[in-house]
Amino acid sequence: MLLTQNAIASALKSDEDLTLFPVYGALQPNQSWQINLHAWVFEKEEKHFFNQQINKQFSKVLELKKNTAQQQLFQQRLAPFLYDSESSKEIKLSLGNISKRFGKTQSNGHLYQQVWLKDQKPGTLMVKSDERPDQQAKVFLIPETGLSIISDVDDTIKISQVTDKKRLLKNTFLEPFKAAKGMAVRYQQWAKQGAAFHYLSASPWQLYTPLAQFIKQFNFPAGTFHMRQIRIKDSSIFSLITSPKHTSPKQYKLQQIEQILQDFPKRTFILVGDSGESDPDIYTAIGIRHPTQIAHIYIRQVTPTAPTKNAKLQVPFTILQP
């Protein structure tokens, strides 16, 4: 009877959905792969009053016009911010030889579940939802040694104009995403060398789907995503993207990079960012702390003045012209 009750309690309801995010597996000393699965469970509720208030804010700030292509794209990009995240949900997933219910979602609807796989070679697996067969994501089993790319997104590979907050909001919610010139070619060259890719963004997870579509559309190599948690009701219209509450972008990026370096101590890393905000400082700090792991730092110049190399940094530091 207990098993039946648990099964009923943990199953997703018919009006609930989920997104699975791409993640990596790191080989452990016992030759098992450590994988941190990541999923988000939500309900696509229509919050009419709240939606109306957000539309009013955007319309006022960005001169959003009704019945236009921009408004249609805006509604599409905004929708995940209005989803009702579902807490205390268990979800059944399949990965390799594992098929079971995992954990419970947090109050924000996200599930982080650590699993271990044995008898697997480096490569790509798929994690799939047994309850929503159309939902699946890649799991990259990354070898102990080799080349890895940690890349910023906004103004590094995607034109966002982060230093202009109004333009940033328009580029995020009202315009089709545009790729930075020449960056996909450079990334494909690294991919041919067998590089693994980690896309690190200060943007919230609600923008994962359009960003993943952008990566595929403009021929950037597939990789893992590392983004931030926010709730729209905790943020103003401008701070929604530019400075969400909780962890600062700089602190967040430092923590994420440190974790990746820790998970792959024998790999060589290239850090790619832009001069718009904190990337030069963040990457310099990482390069000084981990000179043997960081092979090169590339900064795409998007500001009038290019950043200069810190005298303490022994890692190659290259400015890329836009």
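The values are calculated or read from the model by the stated rules, or taken from the named source; none is laboratory data. No experiment lies behind these values; they were computed from the predicted model shown. Quick reminder, even Gly has a Cβ in these numbers, built from the backbone with ideal geometry, and neighbours come from all protein chains shown. Only protein heavy atoms, including side chains, enter the accessible area calculation; ligands, DNA and RNA are left aside. Shrake-Rupley method; radii C 1.70, N 1.55, O 1.52, S 1.80 Å.
Quick notes
- Residues that are modelled with pLDDT under 95 and open to solvent by 50 Å² or more (accessible area, probe 1.4 Å) within segment 277-290 comprise just one, 277.
- Highlighted here would be strands (runs of 3 or more DSSP E) found entirely within segment 121-186 that include at least 3 residues which are over 20 Å from the mean Cα position of the chain (by Cα) and loosely packed, with under 15 Cβ neighbours inside 10 Å, but there are none.
- Scope segment 286-311; condition in a helix (DSSP H, G or I) and either of a type in the set (Phe, Trp, Tyr) or in contact with a helix residue (DSSP H, G or I) (Cβ under 7 Å, 6 or more places away or on another chain) (or both); matching residues: 286
- The set of residues in segment 276-294 being in contact with a strand residue (DSSP E or B) (Cβ under 7 Å, 6 or more places away or on another chain) and within 15 Å of residue 260 (Cα to Cα) consists of 283, 286, 287, 293, 294.
- Only residues that are loosely packed, with under 13 Cβ neighbours inside 10 Å and within 17 Å of residue 141 (Cβ to Cβ) were counted across segment 248-267, and they come to 2.
- Number of residues in segment 107-138 that are touching a Pro at 6+ places or on another chain (Cβ under 7 Å) and more than 20 Å from residue 261 (Cβ to Cβ) equals 2.
- Residues of segment 102-120 that are outside any loop (DSSP other than H, G, I, E, B) and open to solvent by 80 Å² or more (accessible area, probe 1.4 Å): 112, 116.
- Leading residue by the ranking (surrounded by the most Cβ atoms within 10 Å (Cβ to Cβ)) among those in segment 187-201 that are over 8 Å from the mean Cα position of the chain (by Cα) and of a type in the set (Gly, Ala, Ser): 196
- Subset of segment 291-322 (residues that are among the polar types (S, T, N, Q), more than 22 Å from residue 165 (Cβ to Cβ) and open to solvent by less than 40 Å² (accessible area, probe 1.4 Å)): 293
- Residue pairs whose Cβ atoms lie under 8 Å apart, separated by 6 or more positions or on different chains, with the first residue in segment 291-317 and within 18 Å of residue 195 (Cα to Cα) and the second loosely packed, with under 13 Cβ neighbours inside 10 Å, are 293/265; 296/318; 297/318; 298/318.
For every residue, the table says whether it meets (1) modelled with pLDDT of 95 or more; (2) in contact with a Leu (Cβ under 7 Å, 6 or more places away or on another chain).
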site: 237; (1), (2): no, no
site: 243; (1), (2): no, no
site: 249; (1), (2): no, no
site: 252; (1), (2): no, no
site: 292; (1), (2): yes, no
site: 299; (1), (2): yes, yes
site: 302; (1), (2): yes, no
site: 318; (1), (2): yes, no
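- Annotation for segment 194-202: at least one member residue is assigned to a strand (DSSP E or B), closer than 24 Å to residue 302 by Cβ, at pLDDT below 95 and of a type outside the set (Lys, Arg).
- Tally of residues being open to solvent by less than 40 Å² (accessible area, probe 1.4 Å) and either without any contact (Cβ under 8 Å) to a residue 24 or more places away in the chain or under 18 Å from residue 24 (Cβ atoms) (or both) across segment 82-93: 1
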